[in-house]
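Novice: Sharing a structure here in structure tokens format.
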């Protein structure tokens with residue numbers, strides 16, 4: 001037998017072995033064993049997150065079978081033993097984009113705005129937009145199909161503080177960019193844009209007649225009883241906030257922003273986020289009719305309004321009917337997912353700037369396949 005044939009046989013065996021491993025993994029994911037103790041199964045997965053130094057303190061919130069459950073792991077302070085709980089507050093970062101798109105839908109239902117309103121018309125009293133933004137709509141902003149860059153270069157040039165990059169931006173910086181809309185592409189293609197979502201929050205605040213945080217509080221958070229979810233930190237909340245750490249494990253401050261707040265500036269805790277999850281999955285909830293509209297796949301898009309549809313990774317793991325979002329700032333990471341079929345939901349809050357999306361997806365699988373201990 002020639003060396004070439006031997007190499008070919010070896011490669012074939014390797015391919016078949018890899019295929020077998022993938023098929024077996026898929027079989028195990030699609031045919032899980034219910035061990036009858038959801039909490040213990042969550043503990044096992046979270047222990048892997050902590051063992052790999054992905055977080056120092058972490059809180060899981062689960063909504064399943066009409067029951068809300070929170071549990072904290074690790075510590076609020078690195079090297080100490082101060083376990084977090086459902087009341088511990090973390091920075092949500094981009095996960096709070098869902099509050100912006102929820103506000104959008106609520107105002108649409110009330111007739112204040114419409115998804116296909118052009119931003120040029122809505123901002124007519126503030127600025128005249130160039131032709132490149134003449135056809136950009138609120139729907140484009142809410143689905144990351146506006147063509148706006150993630151953050152315009154003119155704003156990046158002002159973001160000199162790596163530990164708190166958005167703090168030096170002013171509202172005039174937003175309008176200065178909109179005068180030219182430099183580097184803006186045509187609408188239609190998905191391109192994740194913090195600027196676009198921040199602009200959406202700004203426009204909604206203008207239409208609501210108050211600042212962005214107050215608009216979200218008034219229309220969404222207060223009706224849900226989310227009393228520990230906020231942008232501006234009051235002194236009585238300070239001691240509940242988990243210390244954040246960057247990827248290298250160094251203490252990091254909370255990011256502050258007064259311009260692109262709609263892109264992800266809220267802080268919250270797991271208990272509050274479960275109220276938001278419940279309103280998105282409980283059909284009897286007063287806000288469900290509005291919030292459920294944000295779940296629908298938008299025309300020509302891979303998202304709902306804010307919510308991200310399951311991709312190949314989620315589908316491979318059996319999470320074919322989930323909607324999710326994640327977030328990461330200088331010292332925090334977060335993940336939220338709801339399952340439109342099972343009615344389950346989960347939130348993961350971490351005090352380290354390490355992405356928890358993959359682990360969050362695994363935890364969704366645990367929630368959907370494991371039952372509460374009787």
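The values are calculated or read from the model by the stated rules, or taken from the named source; none is laboratory data. On a predicted model such as this, the values are computed, not experimentally measured, just so you know. With ideal geometry, Cβ positions are generated from the backbone for all residues, glycine too; neighbour counts draw on all protein chains shown.
Novice: Within region 17-40, identify whether any single residue is closer than 28 Å to residue 344 by Cβ, at pLDDT 95 or above and assigned to a loop (DSSP other than H, G, I, E, B), and answer yes or no.
Specialist: Checked against the condition, which is being closer than 28 Å to residue 344 by Cβ, at pLDDT 95 or above and assigned to a loop (DSSP other than H, G, I, E, B), region 17-40 yields at least one hit.
Novice: For region 87-115: of the residues being part of a loop (DSSP other than H, G, I, E, B) and under 18 Å from residue 307 (Cα atoms), which is farthest from the chain's Cα centre (by Cα)?
Specialist: At the first step, the residues of region 87-115 found to be part of a loop (DSSP other than H, G, I, E, B) are 87-88, 92, 110-115.
From what's left, under 18 Å from residue 307 (Cα atoms): 92, 115.
Values: 92: 8, 115: 21 Å.
The residue in question is 115.
Novice: May I pose another question? If I go through region 55-75 residue by residue, how many of them are buried (at least 21 other Cβ atoms within 10 Å of the Cβ) and part of a loop (DSSP other than H, G, I, E, B)?
Specialist: 2
Novice: On to the next question. Out of 141, 156, 123, report the one residue that is assigned by TED's automatic domain parsing to the domain that holds residue 199 and crowded, with 21+ Cβ neighbours inside 10 Å.
Specialist: Within the list 141, 156, 123, the selection yields 141.
Novice: In the list 219, 191, 213, which residue meets the criterion of being touching a residue at least 60 places away in the same chain (Cβ under 8 Å) and closer than 19 Å to residue 264 by Cα?
Specialist: Just a single option satisfies the conditions, and that option is 219.
Novice: Considering each of 111, 147, 79 in turn, give the residue that is surrounded by fewer than 22 Cβ atoms within 10 Å (Cβ to Cβ), on the phi > 0 side of the Ramachandran plot and at pLDDT below 95.
Specialist: 79
Novice: While we're looking at this one, here's another question. Based on this model, can you work out whether residue 337 counts as free of Cβ contacts under 8 Å to residues at least 40 places away in the same chain and assigned by TED's automatic domain parsing to the domain that holds residue 263?
Specialist: Details: free of Cβ contacts under 8 Å to residues at least 40 places away in the same chain: yes; assigned by TED's automatic domain parsing to the domain that holds residue 263: yes.
Yes: the conditions hold for residue 337.
Novice: Let me ask another. Do we have residue 326 as more than 17 Å from residue 56 (Cα to Cα) and at pLDDT 95 or above here?
Specialist: Details: more than 17 Å from residue 56 (Cα to Cα): yes; at pLDDT 95 or above: yes.
For residue 326, the condition - more than 17 Å from residue 56 (Cα to Cα) and at pLDDT 95 or above - is met.
Novice: Please tell me if residue 91 is modelled with pLDDT under 95 and either under 25 Å from residue 326 (Cβ atoms) or crowded, with 20+ Cβ neighbours inside 10 Å (or both).
Specialist: Judged against the criteria, residue 91 is not a match.
Novice: Turning to a different aspect of this structure: Tell me which of these residue 173 doesn't satisfy, since it passes every other one: (1) over 21 Å from residue 99 (Cβ atoms); (2) out of contact with any helix residue (DSSP H, G or I) (no Cβ under 6 Å at 6 or more places or on another chain).
Specialist: Here residue 173 clears every test but (2).
Novice: Another question, then. Return the total of residues in region 41-54 being under 22 Å from the mean Cα position of the chain (by Cα) and either assigned to a loop (DSSP other than H, G, I, E, B) or not assigned by TED's automatic domain parsing to the domain that holds residue 92 (or both).
Specialist: Total meeting the criteria: 2.
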